[in-house]
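Since the structure comes first, as structure tokens, the remarks are kept for the end.
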Amino acid sequence: MAASIKRIGILTGGGDCPGLNAAIRAVVKAGIGIHRLEIYGIETGFEGLIKKQARPLTLEDVRGIVNKGGTILGATRHHNPFQYQEKIGEETRTADRSRTVLQHASELGLDALVVLGGDGTLTIAERLWQMGLPLVAIPKTIDNDLPGTDVSIGFNTAVITAMEALDKLHTTAESHHRVMIVELMGNKAGWIGLESGIAGGADVILIPEVPFNIEKACEKIIERKQRGQPFSMVVVSEGARAIGHEEVYVDPRSRRLGGISHNVAEEIERRTGLESRVLVLGHLQRGGSPISFDRVLASRFGVHALGLILQRDFGKMVAFRKAEVISIPIREATAGLNLVDPNGDLALTAEALGISLGR
């Protein structure tokens, strides 16, 4: 007979997003309050298990955090134990510290682990699960690019943040007869750009899934100018690219995206004669208080993840499908990306509203 679950660890990996604290709170409140478990917070993603940095979480620790953005446990993108960067003297080397993770999890007395993350973090989690680490996963990413779940923690708050920025920019664009180009996050998936663009009254939306023709985008702007509307709102995902071109990078060596909006602004100003201005929303999309949807979703995910652990149904990720929380194998959530269908309902709705997708 398997030993009972007594102590659970929880960590947040990758980039932060609104709603992480609500999920942590749910695991702690249900774990301690209902099941009398011990909950340990692992600091700074898997790095906390590499360095054995963990602390007990109490009900007091999670009081008042449901409305707070970020994560009380810290997060980092540089926490891959299979390719861990460590400094030895003046040199930096890459080492496989996956066995260290398993060893420290055992030394901490963890019977299971809850991992909150996106595709990178969950890929790591799947490999550690295959090595014998009992864990379950909770999906979080503002890009909403994880397959297997209709939506992830943080996405809807990011959309609201982007929409509110568009609302504010609309008035200044109209007052000064300008074209305002807003660059949003979205590496391979254009969900934030498309949804916030529709909600925020954008005239042009350029996303990674639809390589754009700048002439087609400018046709929309010129058409508005000829109708007596000499201003336009343009949304550009950071991973958008022109037909026949690659993505634009701030740093080609690290392949960090950024700058496509400036290229688009230059072309629009040259082709339309309208003054163009750029706003890169950047990490503002990751910050702030989560909206009610993300607070509730994160709470549901936390409770269901705890249920999976108590059932010893490891190697699973909780997911949101058709308004219900279910579970799927983590490997399904890391097999490819959830991308906008260029011919799907959302894209066609945008075009039916007169929005140009640059095609």
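Quick note: the coordinates plus some simple rules give every number you see, no bench work behind them. Please read all numbers here as calculations on a predicted model, not as lab measurements. With ideal geometry, Cβ positions are generated from the backbone for all residues, glycine too; neighbour counts draw on all protein chains shown.
Results, tabulated for the structure shown:
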{"read-out": "Inter-part distance where the stretch 310-344 and the stretch 36-107 are each reduced to a Cα centre, Å", "value": "24 Å"}
{"read-out": "Computed [θ] at 222 nm, helices only, for the chain once each DSSP H run of length n ≥ 4 contributes -39500 (n - 2.57)", "value": "-11000 deg cm²/dmol"}
{"read-out": "Most fluctuating residue given options Glu324, Glu91, Glu126, as computed from a GNM of the chain linking Cα atoms under 10 Å", "value": "Glu91"}
{"read-out": "Lys, Arg +1 and Asp, Glu -1 on Cβ, resulting dipole of the chain about Cα centre, debye, nearest 20", "value": "900 debye"}
{"read-out": "Cβ-based net charge around Arg227, under 13 Å, with every Lys or Arg adding one and every Asp or Glu removing one", "value": "0"}
{"read-out": "Where GluC sites (Glu not before Pro) fall in DSSP loop in the stretch 7-73, at most 16 other Cβ within 10 Å", "value": "Glu60"}
{"read-out": "Low-density loop cleavage sites - trypsin sites (Lys or Arg not before Pro) in the stretch 126-231, where at most 16 other Cβ are within 10 Å (DSSP)", "value": "Arg227"}
{"read-out": "Mean separation of Cα contacts under 8 Å (6+ apart) over length of the chain, as relative contact order %", "value": "22 percent"}
{"read-out": "Farthest toward positive dipole pole in the chain [+1 Lys/Arg, -1 Asp/Glu at C-beta], among Pro290, Phe212, Val27", "value": "Val27"}
{"read-out": "At most 12 other Cβ within 10 Å, DSSP loop - GluC sites (Glu not before Pro), the stretch 236-312", "value": "Glu246"}
{"read-out": "Gained length - Phe293 relative to Arg77, 0.36 nm times residue gap less alpha-carbon distance", "value": "75.2 nm"}
{"read-out": "Inter-part distance where the stretch 152-210 and the stretch 212-242 are each reduced to a Cα centre, Å", "value": "13 Å"}
{"read-out": "Fully extended contour minus Cα-Cα distance, from Thr94 to Ser106, at 0.36 nm per residue", "value": "1.9 nm"}
{"read-out": "Summed side-chain charge close to Val280 - residues other than Val280 whose Cβ falls under 9 Å, Lys, Arg +1, Asp, Glu -1", "value": "-2"}
{"read-out": "Relative contact order, percent, the stretch 106-204 [alpha-carbon distance under 8 Å, six or more residues apart]", "value": "23 percent"}
{"read-out": "Summed side-chain charge close to Tyr84 - residues other than Tyr84 whose Cβ falls under 12 Å, Lys, Arg +1, Asp, Glu -1", "value": "+2"}
